[in-house]
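The values are calculated or read from the model by the stated rules, or taken from the named source; none is laboratory data. Predicted model only: the values in this text are computed from it and were never measured. We place every Cβ from the backbone using ideal geometry, glycine too, and count neighbours over all the protein chains shown.
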Amino acid sequence: MIQTQGITKSFGTLQVLKGIDLTIEKSEIVAIIGPSGAGKTTLLQIIGTLDSPDSGRLIINGTETGRLKDKELAAFRNKNIGFVFQFHQLLPEFTALENVMIPALIAKEKPGVAEKRAKEMLDFLKLSDRMGHKPAELSGGEKQRVAVARALINNPAVILADEPSGSLDTKNKEELHALFFELREQMKQTFVIVTHDEQLASNVDRVIHIKDGVVLE
Ligand SMILES: Nc1ncnc2c1ncn2[C@@H]1O[C@H](COP(=O)(O)OP(=O)(O)OP(=O)(O)O)[C@@H](O)[C@H]1O
Ligand SMILES: [Mg+2]
């Protein structure tokens, strides 16, 4: 589902990624762990096509992303990849429902269809009675579940999460992690999760350790 070959990335004179080779299968749940500054976020941004590598190849769902033009890449990302960040990154002036609808509207889905699907996702995440709330009116766990609904709305094959439970308390954290496994059962998504959470890391299919810009598997 995801393949990286020899990915390198530098910021100025600092070489952060020194040749990353990974193969992640469909429906696999993989955790990326490593010390602060190891390049985990940088790698996730590159896998998510939000940033481009200096060299190397990225193949997602059979598409070599480096060959796509900017517009094609944006459409590819919107359709194939869902993101969950440490801090939800919901738009404050929109309701939960509207936030979840946005990626579907960007994908040119009809508003009625986008709304129906967003409601289904929020329902699935047990947020039916919070749909009209704005982010400031939601708890941390609820905001993170809205962010997951937003990541799922276009039914992407790949979900990338950067410390998704980093801002949550134990109960919400455990619920969010359980949700990832439930989604994989129901929708067969592939998850790549950057985490410092040892409990999550001990439950995933595979842990990828990153240190000094290389993978120690
Ligand atoms: N846009 C940037 N410009 C310059 N340096 C950057 C940039 N982004 C990241 N870096 C540097 O690259 C290194 C790797 O950063 P990255 O965010 O990938 O680390 P990380 O493994 O996610 O760390 P953490 O666990 O603290 O989130 C760090 O030394 C960071 O300072
Ligand atoms: Mg990071």
Hits in the range 145-180 - residues which are among the hydrophobic types (A, V, I, L, M, F, W, C) and either within 9 Å of GLY82 (Cβ to Cβ) or touching a residue at least 60 places away in the same chain (Cβ under 8 Å) (or both): ALA147, VAL148, ALA151, LEU152, ILE153, ALA157, VAL158, ILE159, LEU160, ALA161, PHE180
Check GLN15 against each of (1) within 16 Å of ligand 2 (Cβ to nearest atom); (2) surrounded by fewer than 19 Cβ atoms within 10 Å (Cβ to Cβ); (3) closer than 12 Å to GLY213 by Cα and name the one condition it does not meet. (1)
Given the structure, is LEU160 buried (at least 17 other Cβ atoms within 10 Å of the Cβ) and either modelled with pLDDT under 95 or under 17 Å from the mean Cα position of the chain (by Cα) (or both)? yes
Kindly provide the set of residues from the range 5-22 that are touching a Pro at 6+ places or on another chain (Cβ under 9 Å) and either among the β-branched types (Val, Ile, Thr) or more than 10 Å from ligand 1 (Cβ to nearest atom) (or both), ordered by number. GLY6, ILE7, THR8, ILE20
Working only within the range 20-70, note down all residues that are surrounded by fewer than 21 Cβ atoms within 10 Å (Cβ to Cβ) and touching a Gly at 6+ places or on another chain (Cβ under 7 Å). ASP21, SER55, GLY56, ARG57
Across the range 18-46, which residue is nearest to ligand 2 (Cβ to nearest atom) among those that are over 20 Å from GLY166 (Cβ atoms) and among the small types (Gly, Ala, Ser)? GLY19
From the list ASP70, ASP54, which residue is more than 28 Å from SER139 (Cα to Cα), out of contact with any Pro (no Cβ under 6 Å at 6 or more places or on another chain), within 16 Å of ligand 1 (Cβ to nearest atom) and among the charged types (D, E, K, R)? ASP54
Screening ALA161, ALA151 for residues that are under 30 Å from PRO35 (Cβ atoms), touching a Phe, Trp or Tyr at 6+ places or on another chain (Cβ under 9 Å) and within 16 Å of ligand 1 (Cβ to nearest atom) leaves only ALA161
With ALA114, ALA107 as the choices, which residue is in contact (Cβ under 8 Å) with a residue 24 or more places away in the chain, away from ligand 2 (no atom under 16 Å from the Cβ), over 19 Å from the mean Cα position of the chain (by Cα) and under 23 Å from GLY48 (Cβ atoms)? ALA114
